[in-house]
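Below is one structure; the comments refer to it alone.
Every read-out reported here was derived from the displayed coordinates using simple, explicitly stated rules and does not represent laboratory data. This one's a predicted model, so the numbers in the text were calculated from it and none came from an experiment. Glycine gets a Cβ as well: all are built from the backbone with ideal geometry, and neighbour counts include every protein chain shown.
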Amino acid sequence: MPDNTTLTKSVKEFFAYDPDKDQWSDEPVPEEERMGVWGPTSVWIGFAIAYIVAFIGAQIYFGLGMPDAIYAIVLGNLILVVYSGALAYAAAEGGLNFPLQVKEAFGSLGALIPIAIMGLLVNGWYAYQAWLAADVIRAAWSPPWLLLAVGITVLYGIPSIIGIEALEEVVTKLVIPLMLIAGIYMLVVKVLPAGASILNKPAPGEQIPFMVGVGLAWGTFAVSGTATGDIVRFASSTRNAIIATVVAFLICNTGMMVLGALVAATLPELSLYFGMIGLLASIPLVIVAFVSCFSTCDACHYGATMSYTNLHEKITWRTAAVGAMLISVIAVVSGIISNLLGYLILIGIVVPPIGAIILSEFFIVRKYQSFDIVRKERLNIPAIISLILAIGLNYYVYNNIPVIPTGLAGLLLAFILYPVLDWMRASISGEDSVRQHLEGQADPIPDDD
């Protein structure tokens, strides 16, 4: 057995900072580390074909009926792909992860709160997916809950501790093949036998406004779509980053959501388990839940770790990863993460304004010029004010104007208000340009080859 000195040394080495293990968390990804198009795309595919996406599609169907549910799902994902695609372009252009983008928009000090918020939210999504997989298995086969919940949560977090290459391996060799088989199985066993009549079935549940359905569809991945830079910064070009986003949301996320809606249309009532509970009947369900939640948890854990490492220079990748895993274990075992609807509403209110300010910073304040230009300010007051007002607007709209999809009003306000306040600040301080808050000038972005 190793002595205490050897063990202590091994633990210190495991948690020590290592640029090769820390996933370029504190600097842009260099060109030689880029992965082309398939690497980021495969990780995003694994994220988007989550089990919960199918269930949200089912919820939309029960509130809207057919074919409005499909229309709402497609429109919501179109909004998501435009929003996330713009963020992907900005991220891939400079090779920056989400926290580094936030620091360039909010300042190194002002960014800490948005980064912490996003870290906790995506950490919660990791915990929810682990809880969901464990809950499906518990409902099907009734194993001991504590052992099941802890085991699944820890297992799901291991690949992201290793790095993005491990995430790609899990998705390519395990998740995509099994999910394709599962999707075909659900179509053949559930959807096709029901016939074309399900495409005109009215809403069997409490009806919801059409735009609420759109909001549910787009809000599902609003948090991870905002933090898309954590993944697509590895793309070899801005074009490849956008391709990864389109494949993930417009094809995979939309497809999984529509499949959930179609299967739900064959059922008498809304069910998290799609009516497939029982020792043998639940086997396909358990496979789908276990595999799809695996890849989604990986990506969420990766994003949470990326945020936590940027909160302080002494927080290393593996320290943050283990911390995020422990937070998730507590949330899963206690069951506090099981309120899906409330969680999605919180995401929709808080997250989109953060992404909007990043977009406004890149496309308006910096005029398409690189995030390589370092912001001098530690606290960007116009960005902070815009974020607070946009979150307040989102909260008001959610409670008083439900026909507007959750988050969109604040997103638009933040995108427009931030550059206006930045310009006003520059005018009052006597500066000639808002760009005087940035160091140097950037070369124009070259076109993709």
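Observations on the structure shown:
- Euclidean distance between Cα centres, region 302-337 to region 176-201, Å: 37
- Inter-centroid distance (Cα atoms) of region 83-153 relative to region 405-421, Å: 23
- Estimated dipole of region 27-437 in Debye, rounded to 20 [Cβ of Lys and Arg +1, of Asp and Glu -1, Cα centre]: 280
- For SER386, SER360, SER197, order by how many other beta-carbon atoms lie within 10 Å, fewest first: SER197, SER360, SER386
- Dipole of the chain [Lys/Arg +1, Asp/Glu -1 at C-beta], most positive-end residue of GLY215, PRO114, ASN380: GLY215
- For the chain, the C-alpha radius of gyration sits at 0.98 times the compact-globule guess of 2.2 N^0.38 Å, with N the residue count.
- Of PRO268, GLY303, ILE198, farthest towards positive along the dipole that unit charges on Lys, Arg, Asp, Glu beta carbons give region 27-437: PRO268
- The packing ranking, built from the mean of other Cβ atoms within 10 Å per residue, places the peptides 400-408, 122-130 in the order 122-130, 400-408, highest first.
- Across region 353-359, rounded Karplus estimates of 3J(HN,Hα) from the backbone phi angles (6.51 cos²θ - 1.76 cosθ + 1.60, θ = phi - 60°) give x, 5, x, 4, 5, 4, 5 Hz, Gly and Pro being marked x.
- Lysine pairs in the chain with Cα atoms under 23 Å, if 8 or more residues apart or on separate chains: 13
- In percent, rounded to a whole number, the relative contact order of the chain is 31, using alpha-carbon pairs under 8 Å and six or more apart.
- Nonlocal amide H pairs with MET66, under 5 Å, H built at 1.01 Å: LYS201, ALA203
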